[in-house]
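Participant: This is the structure, below, for whatever I ask next.
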Amino acid sequence: MASKTVEDVLIPGIAVRVERVSDSSGALAVDAVSTGRPGQCPDCRKQARRVHSSHQRSLDERPLGSRRVVVRLRVRRYFCDRKQCSRKTFVEQVPGLTERHRPSSTGLTGWLRSIAVELGGRPAVRLCRRLRLAAGRTRLLRLLTAPPFQSRAPRVLGVDEFAFRKGCTYGTVLVDVEAGRVVGAPVDNDEP
Ligand SMILES: [Zn+2]
């Protein structure tokens, strides 16, 4: 049987190199470095060539056994060299692992979204806590209602309230009236 690398076990099929696995306040910390090709500018899609800098970002990942897993990933910031583009630099994303502005790995995000869809609201939060999945109520609500991307700016906005159960109001959302879909992050009415 072929032997497995640490990457095969922890982050299979993803362009990262695992440098160290250690304990970090009760969680398993996986220090990793992105090894993929330079990404494309998120605004103009031009392929990047020049590295600006690098930094570490922290991602909650699915647990291993009963341990929480945090990936401490070193990612690169690139210059966008297209003169007409208003974006000067951008941080690379690792396909299958990271998404812009999201504190969970792509895999964990999928789990959380499924749990939120199946259970909704407080039961979802309770199950996540029991399974040691890093997710508060607000994060679950956002996954449930925010669309993955916005193709155009809405022209007519409406305000709507939503609930996971009949008769209970949990939050307020902005709705693109013409497209009939939710835009932006919902406001959780119970949040202090
Ligand atoms: Zn650009």
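Participant: Using the Kirkwood radius over C-alpha pairs as Rh, can you work out the diffusion coefficient of the range 1-110 via Stokes-Einstein at 10 °C, viscosity 1.306 mPa s, in µm² per second? Walk me through the numbers before you get to the answer.
Facilitator: Numbers: Rh = 14.9 Å.
For these conditions, the coefficient is 106 µm²/s.
Participant: Would you mind counting up the charge near PHE79? Only other residues with Cβ under 9 Å from its Cβ, with Lys and Arg at +1 and Asp and Glu at -1. Mind dumping the intermediate values first?
Facilitator: On the way: positive: ARG49, ARG50, ARG77, LYS88; negative: ASP81.
Counting the neighbours of PHE79, the net charge comes to +3.
Participant: How do HIS101, HIS52 rank when sorted from fewest to most other Cβ atoms within 10 Å of their own Cβ?
Facilitator: Ranking HIS101, HIS52 by Cβ neighbours within 10 Å, fewest first, gives HIS101, HIS52.
Each reported figure results from applying straightforward, stated rules to the coordinates on display, with no laboratory input. What you are looking at is a predicted structure, and each value in this text was computed from that prediction instead of being measured. For neighbour counting, all protein chains shown are included, and Cβ atoms are generated from backbone atoms with ideal geometry for every residue, glycine included.
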